[in-house]
Amino acid sequence: MRRSLPHGTAREDAVDYGDRVKIALMDSGIGLLSAAAAVRGLRPDADLVLSSDPDGVPWGPRTPGDLTERALTVARAAAAYAPDALIVACNTASVHALPALRAELEPAIPVIGTVPAIKPAAAGGGPVAIWATPGTTGSAYQRGLIRRFADGVEVTEVPCPGLAEAVQQADAAAIDRAVAAAAALTPRDVRAVVLGCTHYELVAEHIRAAVGRSVELFGSAGAVASQALRRIGAEPAPDAAPTGGLTVLFSGRVSALSAQAASYAEAGLLQSVTAGR
């Protein structure tokens, strides 16, 4: 598959993979690893472009306008490689920047946002807890999702200050402290916990151990990976040969996965081909 490049993103060295499936993912940092690993699981033969913004991470404290500009810059860097679809693997960017990203890139490149998995978590009844960044917790956006998908279900919103940053730095001690603090705010009788930030999915087992093994965790990575394939009309082929390429972009610069990213198991699923191919 190959789509024409959006206006302003053409580059002479863009790689042409012919009819291969190519999926781009973007985030401020390494939160995109979970969705990338999910795409790799569904299509081991798909080429991946991972575009993040280490020069500007974290995006959460930024104003919506500033965040949108940085998201557009990261998306343009990915779009220069002519992907078949772009996954916005960041809850915060999906809230603030998705309309601008779609206005610029679609219809040439379908843009798939990330929504907290409140609907499937609430489908089994409550109580449910939603772990999210302090900026998202209590926001009109999240409250709207709760009203829409969890009406009548007991929901507790749990702010997780410092957790995304700790995951980004792969700081084990800071992760333990942040997870413990969030677990202390989580009612003991919850049936499900929604991981409302893509970074949190990278430490799902830490969270599971803190809230109890019987609690079901709901992330978004699998859903957005499946949606990306549906949007481009590609079927899952988990048994395909693991020939997918990997291109890593740091604030537009071709790079390799960082040491912090490489410390997570999801990164090991991505490197079947040399970065920057």
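The values are calculated or read from the model by the stated rules, or taken from the named source; none is laboratory data. This structure is a prediction, so every number in the text was calculated from the model and none was measured. All Cβ positions, even for glycine, are placed from backbone atoms using ideal geometry, and neighbour counts span all protein chains on display. Accessible surface is based on the protein model in full, side chains and every heavy atom, while ligands, DNA and RNA are left aside. Shrake-Rupley method; radii C 1.70, N 1.55, O 1.52, S 1.80 Å.
Here are the numbers for the structure shown:
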quantity: Total residues in segment 209-221, condition touching a residue at least 40 places away in the same chain (Cβ under 8 Å) and either open to solvent by 40 Å² or more (accessible area, probe 1.4 Å) or assigned to a loop (DSSP other than H, G, I, E, B) (or both); calculated: 3
quantity: Meets criteria (open to solvent by less than 70 Å² (accessible area, probe 1.4 Å), modelled with pLDDT under 95 and not small (Gly, Ala, Ser)) for Thr156; calculated: no
quantity: Failed item in (1) open to solvent by 20 Å² or more (accessible area, probe 1.4 Å); (2) over 22 Å from Ile23 (Cα atoms), with Arg102 passing the rest; calculated: (2)
quantity: Number of positions in segment 190-205 that are touching a residue at least 24 places away in the same chain (Cβ under 8 Å), charged (D, E, K, R) and part of a helix (DSSP H, G or I); calculated: 1
quantity: Test for Val248: is it out of contact with any strand residue (DSSP E or B) (no Cβ under 8 Å at 6 or more places or on another chain), open to solvent by less than 10 Å² (accessible area, probe 1.4 Å) and not charged (D, E, K, R); calculated: no
quantity: Filter result (open to solvent by 30 Å² or more (accessible area, probe 1.4 Å) and in contact with a Cys (Cβ under 9 Å, 6 or more places away or on another chain)) within segment 159-181; calculated: Ala181
quantity: Where a residue in segment 109-128 is farther than 14 Å from Glu216 by Cα and its partner, wherever it lies, is open to solvent by 20 Å² or more (accessible area, probe 1.4 Å) and of a type in the set (S, T, N, Q), with Cβ under 7 Å and at least six apart; calculated: Ile112/Gln227
quantity: Positions within segment 164-188 being of a type outside the set (S, T, N, Q), touching a residue at least 24 places away in the same chain (Cβ under 8 Å) and assigned to a helix (DSSP H, G or I), in sequence order; calculated: Ala164, Glu165, Val167, Ile175, Asp176, Val179, Ala180, Ala182, Ala183
quantity: Number of the condition not met by Leu229 [criteria: (1) more than 14 Å from Leu32 (Cβ to Cβ); (2) open to solvent by 10 Å² or more (accessible area, probe 1.4 Å)]; calculated: (2)
quantity: Single residue of Ala178, Ala182, Ala172, Ala117 found to be closer than 25 Å to Ala267 by Cβ and within 15 Å of the chain's Cα centre (by Cα); calculated: Ala117
quantity: Selected residue (criterion: modelled with the highest pLDDT) from residues of segment 42-72 that are open to solvent by 30 Å² or more (accessible area, probe 1.4 Å) and in a helix (DSSP H, G or I); calculated: Leu42
quantity: Options Ser34, Ser28: the member that is under 14 Å from the mean Cα position of the chain (by Cα), surrounded by 22 or more Cβ atoms within 10 Å (Cβ to Cβ) and at pLDDT below 95; calculated: Ser28
